[in-house]
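Everything on this sheet refers to the single structure shown next.
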Amino acid sequence: ISILAIESSCDETSASIIVNGKVLNNIVATQSVHEKYGGVVPELASRAHQENLIPVVQEAVFSSGIAKEDLSAVAFTRGPGLMGSLLVGVSFAKAFAYGLGIPIIEVNHMHAHVLAHFIDEPKPEFPFICLTVSGGHTQLVLVKSHLEMEVIGETRDDAVGEAFDKTAKLLGLPYPGGPLIDKYAKAGNPRAFEFPITRMPELDYSFSGIKTAVLYFLRDQLATNPNFITENLNDLCASIQYSLIKMLTIKLEKAVKDYGVKNVAIAGGVSANSGLRQTLDELARKKGWELFVPKFEYCTDNAGMIAIAAHYKYLAGDFTTMDVAPLAKMKI
Ligand code: ATP
Ligand code: MG
Ligand code: FE
């Protein structure tokens, strides 16, 4: 089984070839046009996908050594994501598969973030709980099998990646600010300043409060000391990160306890955060969890995760008809 997989849901154009469940490559073109706008501009993202998609696919196909005539199927991200971005990938996948006379397989992007854990060893055992933390989502997912998963908790407003990026912006850091908060936090004191830890009912999250809290706190401090941010950057980053990680782990601990699982995984771009990784390592040791963290290239948006999801769907005979349209919002 050889599958070409395409990911184009946001601002990464990516293609991957998977053969018999083994991901051979994962080609990613990251769009830099958005940096100067401080966030992803949908219109520009669609245009960049148009430019990048064919070269990215060519590189994936050539470097795999598989002739395109030998492909068994073409997989693509159907949603969730930016409509204009998704349309580029979906249209390409349909046309390419139609030309080759092979079937197409739609993949849910959030499902794929979880299945990124099945690209390499070690693989988690079912059932497990995956905390998916990205730029657009924050979800606790109960994973029962490769194709059966259930969202048991999620954010009611901002995603945690968004909270990282928006608070970073308030500190004057460029987009995306998450990795910079991580970097400065390493040299800061996480208890220097106290930011709110919002507690939502059950297993849900809310990350919009911290943005407002940081905004007003900085406004008050800057009124008396215009250099407040530069003088306290490390401590500010460490304290913001501390609150965000605390909110994430409180609910993760509750979910693991409620569902009685032993295997715990994290996925999505924010799982690159070194503070989160360290906190989870400590928690896992203390609680006896087996913790799974994917390789960095499979944490952020990539077609390798779409490929592995498509492989399992292929095995299940789960193909998509050619009249499929992308979905900006799509449930797991
Ligand atoms: P979604 O998958 O929900 O559609 P997305 O694809 O944009 O969203 P990802 O690419 O998975 O999200 O992750 C991007 C997010 O990860 C950004 O918000 C970025 O700031 C954050 N991020 C990346 N590295 C780190 C880090 N080291 N610390 C904190 N946040 C980080
Ligand atoms: Mg991205
Ligand atoms: Fe993503």
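None of the figures in this text is laboratory data; all of them are computed from the coordinates on show. All of these numbers come straight from a predicted model, not from anything done at the bench. Using ideal geometry, Cβ is built from the backbone for each residue, glycine included, and neighbour counts are taken over all protein chains shown.
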> Can you pull the semi-axes for the stretch 141-211, root of five times each eigenvalue of the Cα gyration tensor, sorted largest first, whole Å?
Replying inline: 28, 15, 12
> Which GluC sites (Glu not before Pro) in the stretch 187-235 pass both tests, a DSSP loop state and at most 15 other beta-carbon atoms within 10 Å?
Replying inline: E194, E202
>> How large are Rg and Dmax for the stretch 176-259 when calculated on the C-alpha trace, in angstrom?
In response: 14.3, 49
> Measuring from the lowest to the highest alpha carbon on each principal axis, how far does the stretch 20-59 reach, largest first, in angstroms?
Replying inline: 41, 17, 12
>> Please list, ordered by chain and number, the residues whose modelled amide H lies under 5 Å from the amide H of Y205; skip anything fewer than 5 residues away on the same chain.
In response: E154, T155, R156
> What would the Debye formula give as log10 I(q)/I(0) at q = 0.09, 0.10, 0.12 Å⁻¹ for the alpha-carbon point model of the chain, no solvent?
Replying inline: -0.48, -0.59, -0.83
> Over its Cα atoms, what ratio of radius of gyration to 2.2 N^0.38 Å does the stretch 1-143 give?
Replying inline: 1.06
> Under 20 Å from the Cα of K36, which aspartates and glutamates turn up, not counting those fewer than eight places away in the same chain?
Replying inline: D11, E12, E51, E162, D165
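Kirkwood Rh and Cα-based Rg: tell me the resulting Rg over Rh for the stretch 96-160, rounded to two decimals.
The Rg/Rh ratio comes out at 1.08.
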> Could you give the angle, 0 to 90 degrees to the nearest 10, between helix 42-64's Cα long axis and the longest principal axis of the Cα atoms of the chain?
Replying inline: 50 degrees
> Considering every pair of different Cα atoms, what Kirkwood radius, in Å, is found for the stretch 228-271?
Replying inline: 12.5 Å
> Could you name the lysines in cross-link range of K123, using Cα to Cα under 19 Å and dropping any fewer than eight places away on the same chain?
Replying inline: K22, K144, K262, K295, K313
> How big is the C-alpha Rg of the stretch 278-330 next to the rule-of-thumb value 2.2 N^0.38 Å, as a ratio?
Replying inline: 1.71
> Kirkwood hydrodynamic radius for the stretch 239-332: how many Å is it when counted over pairs of different Cα atoms?
Replying inline: 15.8 Å
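Would you mind giving the average projected area, over all directions, of the Cα convex hull of the stretch 69-195 in nm² with one decimal?
Convex hull of Cα atoms, orientation-averaged projection: 11.4 nm².
Antiparallel versus total DSSP beta bridges in the chain: what percent is that, nearest 5?
55 percent
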